[in-house]
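Data first, discussion second: the structure below is written as structure tokens.
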Amino acid sequence: MANWTELSAHELAEKIQAGEVTSREITQAFLDKIAETDGDIGAFLHIGAEEALQVADEVDAQVAAGEKPASPLAGVPLALKDLFVTTDAPTTAASKMLEGYMSPYDATIVTKIREAKIPILGKTNLDEFAMGSSTENSAYKITRNPHDLERTPGGSGGGTAAALAANQAPLGIGTDTGGSIRQPASLTGTVGVKPTYGAVSRYGMIANASSLDQCGPCANSVLDAALLHEAIAGHDEYDATSVDRPVSSVVEAAKQGASGDLSGVKVGRVKQFGGEGTQSGVVEAIDAAFAQLEKQGAEIVEVDCPNFEHVMGAYYIIQTSEVSSNLARFDGMRYGQRKGEGSAEEVMARTRGEGFGDEVKRRIILGTYALSVGYYDAYYLQAQRIRTLVAQDFQKAFDQVDVIAGPATPTTAFKLGDKVDDPLAMYNFDLFTLPLNLAGLPGMSVPAGTASDTGLPVGLQLIAPAFADERLYRVGAAFEAGRA
Ligand code: GLN
């Protein structure tokens, strides 16, 4: 028997369509792999074997009947971050607040995944409500990095990234408010893409910070991510911030990039990224990545983004402010488990006290403070001004270059337990991924080898202007081809 779990999604899709293997066989192979390895890794909160196999059988029947495939990824299974509501599986956001919650409707991207006949293997672990950088804030379990089980796979989307790295799934979905797709991709040596804000529907994705949240594809190759990107993107009238524009031709761009030729492409290197505080093995790997891009024909240009210095403060004011508002609905009356009895206030206090974990409470308190009368101007308004300045820094940079490249994270995967009691250290880990979310830009983390000092994966982050997502895929695929 072939080792199906080691093939990429596009290879699996071809083999299913050619009748060389059934989707059932492939889906079962991944389910077996999960059963065999997830006791150690802890990537999944819920496994939907029966539902996945049913979709696989539908694909196999279509192939047998010689019908056109429902999509280019028909029959290739996927791991879904447990932040999207689904009608056939519980949705928890890794919070006790939503334990056992069954949604009456599917998120828009889930509907699209079902229409594309992509079997959903299960729902993956995350930091509670996607707040964190290590997946240790989950109320249910920690997830371990398949490259070293003592280390974090990153967060908040550690479950999806670990599932990909452990070959438990060939495709995955993540969400990125401040880096939760790119950062775990970087730490696990997988590909993760945050599309342009508004390019993929947020409807049915449990809100963290609505002006920053964006879901996107995760995979083991750039082409696989592109195929999934096209399957989930597009305008959605149920999401007021969804943009009504044609979906970027990212598959085409990934195929074009596979030639490895980058002549004529200008790649920016941010002066403020990768200096003090960045692990030397990461600096080395990123230097080598720039050397490779240059060898492939790209021109490297230094770009100055002075306002990135303030990104951390601005993000954690805006994110917490939006969280304090978005999570108000989990009060045991409108949403969430109801705890205790007595007055409405008593019930709400007990529900929220018991239902939320420490990090979520910390953010709600910070955000409530930042938005309160007397502090609003000093914090929230100021943070919004910085947000504008960061977007302007990017605009100026993109007057000079086609894409920006740099490290996705300051270090390789850190040890579980290392930062969980030190929120500031945890927040600092997001430094390189946050600016994009403030500006709404698309970004990708693509594997750039391992750091010589730790032997762990390093991710090269690529950044493009809004609605130019295809540039990420062209350059990402070229870089991937250049490394092979
Ligand atoms: N680590 C960041 C935070 O905790 C980003 C999280 C995310 O992108 N969902 O806010």
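The values are calculated or read from the model by the stated rules, or taken from the named source; none is laboratory data. Keep in mind that this is a model prediction, so the values were computed, not measured. A quick note on method: Cβ atoms are made from the backbone with ideal geometry, for glycine too, and the neighbour counts reach across all protein chains shown.
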key: Hits in the stretch 130-159 - residues which are hydrophobic (A, V, I, L, M, F, W, C) and buried (at least 24 other Cβ atoms within 10 Å of the Cβ)   = A130, M131
task = Could you check how many residues of the stretch 149-164 are in a loop (DSSP other than H, G, I, E, B) and within 16 Å of the ligand (Cβ to nearest atom)?
result = 6
key: Number of the exception - R114 against (1) more than 16 Å from the ligand (Cβ to nearest atom); (2) part of a helix (DSSP H, G or I); (3) closer than 26 Å to T450 by Cα   = (3)
ask   = Residues in the stretch 36-53 that are over 24 Å from the mean Cα position of the chain (by Cα) and without any contact (Cβ under 8 Å) to a residue 12 or more places away in the chain: how many?
value = 2
remark   = Reported set for the stretch 261-286 where residues are of a type in the set (S, T, Y) and surrounded by 15 or more Cβ atoms within 10 Å (Cβ to Cβ) is T278
request  = Mind listing just one residue for me: the one in the stretch 287-307 that is under 30 Å from L424 (Cβ atoms) and out of contact with any strand residue (DSSP E or B) (no Cβ under 7 Å at 6 or more places or on another chain) and, of those, surrounded by the most Cβ atoms within 10 Å (Cβ to Cβ)?
outcome  = N307
query = Within the stretch 228-260, which residues are buried (at least 24 other Cβ atoms within 10 Å of the Cβ) and either within 18 Å of L164 (Cα to Cα) or free of Cβ contacts under 8 Å to residues at least 12 places away in the same chain (or both)?
reply = L228, H229
ask   = Since S325 meets every condition but one in (1) surrounded by fewer than 21 Cβ atoms within 10 Å (Cβ to Cβ); (2) away from the ligand (no atom under 16 Å from the Cβ), which condition does it not meet?
value = (2)
query = In the stretch 94-107, what residues are buried (at least 24 other Cβ atoms within 10 Å of the Cβ) and either hydroxyl-bearing (S, T, Y) or within 13 Å of the ligand (Cβ to nearest atom) (or both)?
reply = A94, S95
message = So, in the stretch 13-36, exactly how many residues are aliphatic (A, V, I, L, M), out of contact with any Phe, Trp or Tyr (no Cβ under 7 Å at 6 or more places or on another chain) and assigned to a helix (DSSP H, G or I)?
response = 4
task = Give the residues of the stretch 329-358 that are of a type in the set (A, V, I, L, M, F, W, C), at pLDDT 95 or above and assigned to a helix (DSSP H, G or I), sorted by residue number.
result = none
inquiry  = With the requirement that a residue be within 13 Å of the ligand (Cβ to nearest atom) and more than 26 Å from Q279 (Cα to Cα), what does the stretch 188-197 give you?
reply    = Y197
ask   = How many residues, within the stretch 440-455, are farther than 20 Å from G482 by Cβ and buried (at least 18 other Cβ atoms within 10 Å of the Cβ)?
value = 4
Answer residue from the stretch 84-105, given it is within 20 Å of the chain's Cα centre (by Cα) and β-branched (V, I, T) and is nearest to A130 (Cα to Cα) among those = T92
ask   = Consider S180 against the criteria (1) surrounded by 24 or more Cβ atoms within 10 Å (Cβ to Cβ); (2) more than 26 Å from A464 (Cα to Cα): it satisfies all of them except one. Which criterion is unmet?
value = (2)
key: Residue identified as among the polar types (S, T, N, Q), farther than 18 Å from P184 by Cβ and under 18 Å from the mean Cα position of the chain (by Cα) among T143, T124, T135, T108   = T108
message = Would you confirm, using the coordinates I've provided, whether T351 is among the β-branched types (V, I, T) and more than 30 Å from A477 (Cβ to Cβ)?
response = yes
query = Is it the case that N428 is in contact (Cβ under 8 Å) with a residue 12 or more places away in the chain, within 21 Å of V282 (Cα to Cα) and not charged (D, E, K, R)?
reply = yes
key: Filtered residues of the stretch 165-187 (kept if among the polar types (S, T, N, Q), more than 9 Å from the ligand (Cβ to nearest atom) and either within 26 Å of I26 (Cβ to Cβ) or under 8 Å from the mean Cα position of the chain (by Cα) (or both))   = N167, Q168
query = Residue check: is P69 part of a loop (DSSP other than H, G, I, E, B), farther than 30 Å from T320 by Cβ and away from the ligand (no atom under 16 Å from the Cβ)?
reply = yes
